[in-house]
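Engineer: Input: one structure, supplied below.
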Amino acid sequence: MNEAVMLKEQILLTVLMPVYNASAHLREAMASILQQTFTNFELLIVNDGSTDDTVKIIREYNDPRIRLLENEKNMGISETLNIGIRAASSDLIARMDADDICYPNRLQKQYEFMKENPDCAMVSCYVRVISNDGVFVRQEIHRDRFLYYTLQFECNIYHPAVMFRRQPVMQVNMYDRPYAEDYDLFWKIASVYKINQIEEVLMDYRLSNNSLHKVTKKDEYDVALMEVKRRNIQHFLPAKVKVPDEYILFYQYDFQPLLSSENFGQVLKCVQLFKRISYNIIKRVNPNNFDQRCMQAYKNKKYYMMLYIKPYLSKQKWLMLCLLLTEFRVIFKSIPAFKKRFVHVLNPQKIN
């Protein structure tokens, strides 16, 4: 057996990084991978027809763990990722983008989790969102126990933060959309396999000025994103039930498109449908639906939905929605006079 074959067999992890005109932050991204505490990996970089100094920068490195593949022409992110998945030396693949920064223990943490949880097909982690210039923007936290339920309505997983097993990904047909390809893949995996979230920040996610969905293909990306969301929600409804765009946005706390119609009857129908969808998710057998997780996630979502919509509605209409969802917790916390009387009944000595 030659040395190259032996080396390939010994690789425990492939870090897959697609690149396209990525010179601006590439060195920082590569350094964050090459300096990981976990060292038994290959950094598989697939160049999708870059016209800047991307390839020149990659070739500056003399690290045997780096493997560069080059597409003959620009093929787009989905096909580039599929090429990388097929070419990976390991069945365990960590995603990475050329403008993000991994913390030194990211690969170690995720690799150990996947080894300890062989039933898990994909694991993600918390990220710290930074601007294009590296300035802190916000902290993203999506609880592991709410991951699957929330994924039905919106993408709560950051693409470069995932590590997945190749066979489950291939089983669901890998990346097969030109836009919103990550959300589509995550949903397909979660529909069949177990997914998890490490509740720890393990990377900085950069809001790059060159982000595909923010600049060059925003309209196409927005359309694709809505298609994926509708597919996800429709999965839990009969085919004859059609979900308007305004409802889908409402379920993401974007209330204005529906409220602008000034048709409260539509708002009531939207909330009723949300309740129906949620109970269908709760009833559906799925490896991620256990220990009342989906029920807990539903209760959490309806609480915040009613909390956030309160400023947009009259008190009477807001109470009507709360009663429709049997969301009494937010009523109790939002009406001081009611709360004061309730506390007084429970413990009269507390109020003079």
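Engineer: Go through (1) surrounded by 16 or more Cβ atoms within 10 Å (Cβ to Cβ); (2) within 29 Å of P287 (Cβ to Cβ); (3) modelled with pLDDT of 95 or more and name the single condition E200 misses.
Structural biologist: Exception for E200: condition (1).
Engineer: For H159, only one of the following conditions fails: (1) buried (at least 20 other Cβ atoms within 10 Å of the Cβ); (2) touching an Asp or Glu at 6+ places or on another chain (Cβ under 8 Å). What is its number?
Structural biologist: (1)
Engineer: Also, quick follow-up: Could you list all residues from the stretch 258-290 that are at pLDDT 95 or above and among the charged types (D, E, K, R)?
Structural biologist: Hits for the stretch 258-290 are K269, K275, R276, K283, R284.
Engineer: Right, something else. Among the strands (runs of 3 or more DSSP E) confined wholly to the stretch 1-96, which include 1 or more residues that are of a type in the set (K, R)? Give the steps one after another, and end with the answer.
Structural biologist: Values: elements: 13-19, 41-47, 66-70, 92-95.
It comes to 66-70, 92-95.
Engineer: For the stretch 247-259, indicate whether the set of residues that are more than 16 Å from the chain's Cα centre (by Cα) and within 29 Å of M114 (Cα to Cα) is non-empty.
Structural biologist: no
Engineer: So is N62 polar (S, T, N, Q) and without any contact (Cβ under 8 Å) to a residue 24 or more places away in the chain or not?
Structural biologist: Taking the combined requirement at face value, the residue satisfies it.
Engineer: Turning to a different aspect of this structure: Restricting the search to the stretch 121-143, which residues are of a type outside the set (V, I, T) and either surrounded by fewer than 19 Cβ atoms within 10 Å (Cβ to Cβ) or at pLDDT below 95 (or both)?
Structural biologist: Taking the stretch 121-143 first, the residues of a type outside the set (V, I, T) are 121-122, 124-126, 128, 131-134, 136, 138-140, 142-143.
Across the stretch 121-143, the qualifying residues are R128, S131, N132, D133, G134, F136, R138, Q139, E140, H142, R143.
The values are calculated or read from the model by the stated rules, or taken from the named source; none is laboratory data. Only a predicted model underlies this, so the values are computations on that prediction, with no experimental measurement involved. Cβ coordinates were reconstructed from backbone atoms using ideal geometry, including for glycine residues, and neighbour counts include every protein chain displayed.
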